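Please read the structure below before turning to the comments.
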Amino acid sequence: TFPLHAKITENDPTPASASGITVDESPVFGGKLGLWSDTVRWLGVELDISGYKTDIPDQVAAFATDMDITDFGFHLLARIPLGLPEGDPMRRAYFYLGGGPAILAVAGERGGVRQDVSEFGLHALAGFKVFLSPNIALFAEYKFTFSEVTFDITGGTEDITLKINQVYGGIAYHFSFF
């Protein structure tokens, strides 16, 4: 995860607001399970689960909540094959685009008090995949996540608008069920 931008608003007896907060980079861990259509070969779906942390900068640490985030994305995907048709052109290399709804399970901590909330979000993503063998591929992907998270605090709420940018890659194993 690279810089996450957030807008934080406190709604309590002494309201305060901060915008454009950038947090430090964080590693992201996760996995995907997907399926490409045999009928409409460019169309696919996936379940994407990933986890990461926010690291709120010191200048706003007293004002904001540190968060551990696990998000569950449900994506519709479209792929664009590249290269000459050598065997199955959809199985060599391709770009893909996608997006869909997400559920964010957020564990927040502020001043030693922990709170767990679940919020709705949206994902948009783009990536590239190249096959090294019929079942093994390398991929690189950019994913944008948007969500609004609300925590209860003494005397009010803390509303956080999240705009999360992630760039990651990995190894993909493709199963053949048929």
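The values are calculated or read from the model by the stated rules, or taken from the named source; none is laboratory data. Nothing here was measured: the structure is a model prediction, and the numbers come from that model. Because the Cβ atoms are built from the backbone with ideal geometry, glycine has one as well, and the counts that use them run over all protein chains shown. Each accessible area value is taken on the protein alone, full model and side chains, heavy atoms only, with ligands, DNA and RNA left out. Shrake-Rupley method; radii C 1.70, N 1.55, O 1.52, S 1.80 Å.
Pairing each residue of the stretch 107-130 that is in contact (Cβ under 8 Å) with a residue 12 or more places away in the chain and among the acidic types (Asp, Glu) with any residue that is open to solvent by 60 Å² or more (accessible area, probe 1.4 Å) and assigned to a strand (DSSP E or B), provided the two are 6+ apart or on different chains, yields C-beta distances under 6 Å for 109/66. Considering only residues in the stretch 140-156 that are open to solvent by 40 Å² or more (accessible area, probe 1.4 Å) and in a strand (DSSP E or B), the one that is farthest from residue 77 (Cα to Cα) turns out to be 152. Residues of the stretch 169-178 that are assigned to a strand (DSSP E or B) and either open to solvent by 40 Å² or more (accessible area, probe 1.4 Å) or touching a Ser or Thr at 6+ places or on another chain (Cβ under 7 Å) (or both): 169, 171, 173.
Within the stretch 38-50, if we keep just the residues that are open to solvent by 20 Å² or more (accessible area, probe 1.4 Å) and of a type outside the set (A, V, I, L, M, F, W, C), the residue that is modelled with the lowest pLDDT turns out to be 38.
If I filter the stretch 92-129 down to residues being assigned to a strand (DSSP E or B), out of contact with any strand residue (DSSP E or B) (no Cβ under 6 Å at 6 or more places or on another chain) and not aromatic (Phe, Trp, Tyr), which single residue comes out as least open to solvent (accessible area, probe 1.4 Å)? Going through the qualifying residues, I end up with 110.
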